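Structure record follows, encoded as structure tokens.
The values are calculated or read from the model by the stated rules, or taken from the named source; none is laboratory data. Keep in mind it's a predicted model, so treat the numbers as computed, not measured. Cβ atoms come from the backbone with ideal geometry, glycine included; neighbour counts cover every protein chain shown. Note: accessible area is taken over every heavy atom of the protein model, side chains too, but ligands, DNA and RNA are not part of it. Shrake-Rupley method; radii C 1.70, N 1.55, O 1.52, S 1.80 Å.
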Amino acid sequence: RDSIAMARYEIPIIASTIVSDPSDDGLRFWEYTALQKGDDKKLSSWIDQSLTVRRGDIDIEGFIAEMNQRRTPYVHADGHEQHIHFYLLIDDTSDATGAVRAALFLHGGHIIIDARPALRCLNALFDWIANPPALDQLSWGTEWERLPAGPLAATGGPRDDFDTKGMELLQRAGAMM
């Protein structure tokens, strides 16, 4: 659980969702809600919604086939959509050495995780499992700074005339879409 909390802090896009613009359902955008220090219940709730632990015989091919049939995003009871989900599979039967088999999977759309980001995320998760993070020392509320830059941020921020010419351009682009 701590490694998944750390993943949310370091890779906050995994806790982002796509929402419709209140004034135009045709426009959608990414939304991320930053956590603040002490939001332990919110973090725990997010982890509960983000992690499924399955115990029993591990059938990797069967699990992959099941995930290929599951649609994303995951939609929770409150209507909240989630685009990434973690699965921890644990085979409680140990082998002759007493070792227990386990497997960790990410399931989500390629909109967030294609091969390289998925492997980097899994690598980080395994590192945090082996070397547990000090979650109480994180600067919650600043994790949004690690979100991918949007078009405005990537181009140096809004221009001085954004309120007039920029809004006009957005309205024309919206009309075309």
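Among the helices (runs of 4 or more DSSP H) contained in segment 97-177, which hold 1 or more residues that are in contact (Cβ under 8 Å) with a residue 12 or more places away in the chain?
Numbers: elements: 115-130, 151-154, 167-176.
Of the helices (runs of 4 or more DSSP H) lying wholly inside segment 97-177, those with at least 1 residues that are in contact (Cβ under 8 Å) with a residue 12 or more places away in the chain span 115-130, 167-176.
Out of segment 17-46, which residues are β-branched (Val, Ile, Thr) and in contact with a Phe, Trp or Tyr (Cβ under 8 Å, 6 or more places away or on another chain)?
Within segment 17-46, Thr17, Ile18, Val19 meet the criteria.
How many residues are modelled with pLDDT under 90 and open to solvent by 50 Å² or more (accessible area, probe 1.4 Å) when one looks only at segment 73-97?
Selection size over segment 73-97: 11.
Give the residue that is nearest to the chain's Cα centre (by Cα), with candidates limited to residues of segment 78-96 that are part of a loop (DSSP other than H, G, I, E, B) and within 26 Å of Leu147 (Cβ to Cβ).
His83
Please work out if Ile14 is of a type outside the set (Ser, Thr, Tyr), farther than 21 Å from Gly141 by Cβ and in contact (Cβ under 8 Å) with a residue 60 or more places away in the chain.
Considered against the rule, which asks whether it is of a type outside the set (Ser, Thr, Tyr), farther than 21 Å from Gly141 by Cβ and in contact (Cβ under 8 Å) with a residue 60 or more places away in the chain, Ile14 comes out as no.
Applying the selection to segment 1-47, what residues are among the acidic types (Asp, Glu) and either within 19 Å of Pro133 (Cβ to Cβ) or open to solvent by less than 70 Å² (accessible area, probe 1.4 Å) (or both)?
At the first step, the residues of segment 1-47 found to be among the acidic types (Asp, Glu) are 2, 10, 21, 24-25, 31, 39-40.
Once the filter is applied, which keeps residues that are among the acidic types (Asp, Glu) and either within 19 Å of Pro133 (Cβ to Cβ) or open to solvent by less than 70 Å² (accessible area, probe 1.4 Å) (or both), segment 1-47 yields Asp2, Glu10, Asp21, Asp24, Asp39, Asp40.
Among the residues of segment 1-60, how many are basic (Lys, Arg) and within 27 Å of Arg101 (Cα to Cα)?
The total comes to 4.
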